[in-house]
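Participant: Pasting a structure here, questions to come.
The values are calculated or read from the model by the stated rules, or taken from the named source; none is laboratory data. Here the structure is a predicted model, which means the values were calculated and not measured. Counting neighbours? That spans all protein chains shown, and the Cβs are built from the backbone with ideal geometry, glycine included.
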Amino acid sequence: MKNIRMKRFIKISDKSGFSEYQIACRFDNRILFHTKSRNRRRVLYRKYLFFLKISANLGYPLAQESMALAYGDSNTLGFNNPDENEEMQMYWFKKACDNDIASSCNALAVIYERRGLIDEAIKTYNKAIALGDGLAVGNLATLKFPNGASEE
């Protein structure tokens, strides 16, 4: 990285991954709001992933969730995702879920459900519900009662 301030910022890192996550968020904001050029966005996106990966590997839960989202199949920061990979997405969602990020547990359960791993999906939905994710309640109900019928 050519930016001297970034190098100095990394040197004072607390090794929890939070500092690197803050740097990644700065790139995220620059990509979304301040960059018009598609090529420049791609360059900034690579820098964003670089710092995000460092933070996620240091165990920072929000960075782990962001890494999972970075491997998703959706439109990423204004362009189609070149890094789409469901296996890596599951890996990072599982890491974030293990660190009690409720939305990651719900997203992981959705992937399990889509792959036909119903028992894992139910267990993971229940963890997401216990952590307070409201979407997981609806997803679990839809999984258990696909036609909208209730047990009586």
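Participant: Filter segment 90-122 down to the residues that are over 18 Å from Ala70 (Cα atoms) and assigned to a helix (DSSP H, G or I) and list them by number.
Facilitator: Asp98, Tyr112, Glu113, Arg114, Arg115, Ile118, Asp119, Glu120, Ala121, Ile122, listed by residue number.
Participant: Moving on. Cβ contacts < 9 Å: first residue farther than 12 Å from Glu113 by Cβ, restricted to segment 123-152; second residue at pLDDT below 95 and aromatic (Phe, Trp, Tyr), any location; separation 6+ or different chain. Result?
Facilitator: Within 9 Å, the pairs are Glu151/Phe145.
Participant: Mind checking which residues of segment 19-61 are aromatic (Phe, Trp, Tyr), surrounded by fewer than 17 Cβ atoms within 10 Å (Cβ to Cβ) and modelled with pLDDT of 75 or more?
Facilitator: Correct list: Phe50 only.
Participant: Here's something else I'd like to know. If you go through segment 32-52 one residue at a time, how many are more than 17 Å from Asp83 (Cα to Cα) and of a type in the set (Val, Ile, Thr)?
Facilitator: 1
Participant: Additional query: Out of the residues in segment 62-102 meeting the condition of being charged (D, E, K, R) and at pLDDT 90 or above, tell me which one is farthest from Ala130 (Cα to Cα).
Facilitator: My answer is Glu87.
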